[in-house]
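Here's the structure we're looking at; comments come further down.
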Amino acid sequence: MRVRVANDRDEWNSIVDRSPFSVLHHRYESFYYHRNPLPLIVEEKNHKILFPMRLEQLFRSFKLAISPVHSYASVLPDSENSVHMIPNALDVAKNFLKDIGVHYIALSAPTFHSKLYINSIDYWFKKENASIQTIYAHMIFIGSKTYSEISKTKFTKGARYNIRKAERDGVKITEIKTEQDIRKWMDDIYQCNLSALKRQGREGAFPDSCKEVYLSELLKDKKRLGDYYRIYGAVYHNRLIAYIILHEYNKAMLTTKIMSHTNFLAKYPNDALIAHIIKKACEKNFEIFEYGLERTKIAGKIPSLYPGLEKYFLKFGCEEVPVLIYRLGLTRSGKLLQNLFSGKEYLMTRYAYLPSPIRSLFLRIYAPKRRNSIFNFLNT
């Protein structure tokens, strides 16, 4: 079994395309967009395992190897028959990373995939004494269900009422397909960002509050990801009052952002968007629709950090699916980082017990305006 750094985009993407466990962030053009990408392939005979890693420097002294943990882009076997290779592949990758001076690795295990796949990852990290954090993805498992079946059995009565009201009030859903479309709606998109950030207590968050930078990123993402990257807007009286960004790939339709203008929430544009997207997912035969992530579980002992948003997830019948995040120090310094990051996550969830004004202060600190802040590293 050997490891090498991938330098052939077509080879990499051919493996991603045939794997049953892939998501959009596995594709070369998706994760390679991040700084310091490190695409590793571990192979043996006809089997290949991908590691979509990126390198980060912390305090100029620590080198971190991180997979897109919040995008489900984990270790990727090229087929179900290659799953048994995962523990050995992780051994090989670990030794390679140590040899190039990496102190710490972080990687996720999305449990909506097969048990054998997840258990193979889980077994190895537990053997290595990794720290494990559980976050929760809010998902609707579509399977072969029609939109009518899902709306009747999953949506609450209130959700169905809001969707009908949005339609009666004249809220229309449009797809923002082209660069021209993005530029046409950019002023309204920007106003949705500013309004939503203010509502969330995150004024000034980068890049959402910087119009030209955000426009540039939307255009680059659309060009880079093509039809896998979708933007839908809710339009009321020729004004875009909410929008949603999705990644569509393989079996999953994943929400990456949803923003809405506070002045128009009574028109229920978000409800109309979600209904439209779930209908599209059914028509396109996607098996999973994911709305978002939460650090705590509603049925758990720890309160939600965003209780209003959590209730919103559940009114569409979303299930809380655990996603395991592993943090492993490869050196003595790396072990210190492992404990630091684990302690940070403990504090982040426990402050949900605090009164709302104090919670809001922590959230402002947690969502920094400066992109290269230390808090971005603590979020890995």
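The values are calculated or read from the model by the stated rules, or taken from the named source; none is laboratory data. Remember, it's a predicted structure, so these values are computed and weren't measured experimentally. Backbone-built Cβ (ideal geometry, glycine too); neighbour counts: all protein chains shown. These accessible areas exclude ligands, DNA and RNA; they are computed on the full protein's heavy atoms, side chains included. Shrake-Rupley method; radii C 1.70, N 1.55, O 1.52, S 1.80 Å.
Does residue 247 fit the bill of being under 15 Å from the mean Cα position of the chain (by Cα) and surrounded by 18 or more Cβ atoms within 10 Å (Cβ to Cβ)?
Values: under 15 Å from the mean Cα position of the chain (by Cα): yes; surrounded by 18 or more Cβ atoms within 10 Å (Cβ to Cβ): yes.
The answer is yes for residue 247.
Working only within the range 287-320, note down all residues that are part of a strand (DSSP E or B) and either modelled with pLDDT of 90 or more or over 25 Å from residue 126 (Cα atoms) (or both).
Residues of the range 287-320 part of a strand (DSSP E or B): 288-294, 319-320.
Selection gives 288, 289, 290, 291, 292, 319.
What number of residues within the range 57-112 are of a type in the set (S, T, N, Q), crowded, with 16+ Cβ neighbours inside 10 Å and in a helix (DSSP H, G or I)? Working first, answer last.
If we filter the range 57-112 for residues that are of a type in the set (S, T, N, Q), which is where we start, we get 57, 61, 67, 71, 74, 79, 81-82, 88, 95, 108, 111.
After this cut, where a residue has to be crowded, with 16+ Cβ neighbours inside 10 Å as well, the list is 67, 71, 74, 82, 108, 111.
Subsequent filtering for residues that are in a helix (DSSP H, G or I) retains 71, 82.
Counting residues in the range 57-112 that are of a type in the set (S, T, N, Q), crowded, with 16+ Cβ neighbours inside 10 Å and in a helix (DSSP H, G or I) gives 2.
For the range 225-243, state whether one or more residues are open to solvent by 20 Å² or more (accessible area, probe 1.4 Å), outside any strand (DSSP E or B) and touching a strand residue (DSSP E or B) at 6+ places or on another chain (Cβ under 6 Å).
Yes - at least one qualifying residue is present in the range 225-243.
Being in contact (Cβ under 8 Å) with a residue 24 or more places away in the chain and charged (D, E, K, R) is true for just one of 126, 115, 98. Which residue is that? Even if it seems obvious, please write down each step before you answer.
Numbers: 126 fails: in contact (Cβ under 8 Å) with a residue 24 or more places away in the chain; 115 fails: in contact (Cβ under 8 Å) with a residue 24 or more places away in the chain.
Just a single option satisfies the conditions, and that option is 98.
Could you tell me which residue of the range 113-163 is nearest to residue 284 (Cα to Cα), considering only residues that are of a type in the set (Ser, Thr, Tyr) and assigned to a strand (DSSP E or B)? Working first, answer last.
Filtering the range 113-163 down to residues of a type in the set (Ser, Thr, Tyr) leaves 114, 117, 120, 123, 131, 134, 136, 144, 146-148, 151, 153, 156, 161.
Then drop every residue that is not assigned to a strand (DSSP E or B), which leaves 131, 134, 136.
Working: 131: 38, 134: 30, 136: 25 Å.
So, considering only residues that are of a type in the set (Ser, Thr, Tyr) and assigned to a strand (DSSP E or B), the one nearest to residue 284 (Cα to Cα) is 136.
What number of residues within the range 33-53 are of a type in the set (D, E, K, R) and open to solvent by less than 50 Å² (accessible area, probe 1.4 Å)? Spell out the reasoning first.
Going through the range 33-53, the residues of a type in the set (D, E, K, R) turn out to be 35, 43-45, 48.
Subsequent filtering for residues that are open to solvent by less than 50 Å² (accessible area, probe 1.4 Å) retains 43, 48.
Result for the range 33-53: 2.
Among the residues of the range 245-279, count how many are aliphatic (A, V, I, L, M), farther than 11 Å from residue 233 by Cα, assigned to a helix (DSSP H, G or I) and touching a residue at least 40 places away in the same chain (Cβ under 8 Å). Break it down into steps so the answer makes sense when it comes.
Keep residues of the range 245-279 that are aliphatic (A, V, I, L, M), which gives 245-246, 252-254, 258-259, 265-266, 272-275, 277-278.
Then drop every residue that is not farther than 11 Å from residue 233 by Cα, which leaves 246, 252-254, 265-266, 275, 278.
After this cut, where a residue has to be assigned to a helix (DSSP H, G or I) as well, the list is 265-266, 275, 278.
Among the residues that remain, those that are also touching a residue at least 40 places away in the same chain (Cβ under 8 Å) are: 275, 278.
Summing the residues that are aliphatic (A, V, I, L, M), farther than 11 Å from residue 233 by Cα, assigned to a helix (DSSP H, G or I) and touching a residue at least 40 places away in the same chain (Cβ under 8 Å) in the range 245-279 gives 2.
Out of the range 201-214, which residues are open to solvent by 20 Å² or more (accessible area, probe 1.4 Å) and part of a helix (DSSP H, G or I)?
The answer is 211, 212, 213.
Please verify whether the range 128-145 includes one or more residues that are charged (D, E, K, R) and within 20 Å of residue 341 (Cα to Cα). Step through it out loud before you land on a result.
Here is the first cut: in the range 128-145, the ones charged (D, E, K, R) are 128, 145.
When the remaining residues are screened for being within 20 Å of residue 341 (Cα to Cα), the result is 128.
Yes - at least one qualifying residue is present in the range 128-145.
If you check residue 198 against the conditions, is it open to solvent by 80 Å² or more (accessible area, probe 1.4 Å), part of a loop (DSSP other than H, G, I, E, B) and on the phi < 0 side of the Ramachandran plot?
On the way: open to solvent by 80 Å² or more (accessible area, probe 1.4 Å): yes; part of a loop (DSSP other than H, G, I, E, B): no; on the phi < 0 side of the Ramachandran plot: yes.
Against the criterion (open to solvent by 80 Å² or more (accessible area, probe 1.4 Å), part of a loop (DSSP other than H, G, I, E, B) and on the phi < 0 side of the Ramachandran plot), residue 198 does not qualify.
So which residues in the range 314-332 are over 30 Å from residue 147 (Cα atoms) and loosely packed, with under 15 Cβ neighbours inside 10 Å, if there are any at all?
Across the range 314-332, the qualifying residue is only 332.
Within the range 1-15, count every residue that is in a helix (DSSP H, G or I), surrounded by 11 or more Cβ atoms within 10 Å (Cβ to Cβ) and charged (D, E, K, R). I'd like the intermediate steps shown before the answer.
Within the range 1-15, the subset in a helix (DSSP H, G or I) is 9-15.
Checking which are surrounded by 11 or more Cβ atoms within 10 Å (Cβ to Cβ) leaves us with 9, 11-15.
If we keep only those that are charged (D, E, K, R) too, we end up with 9, 11.
Result for the range 1-15: 2.
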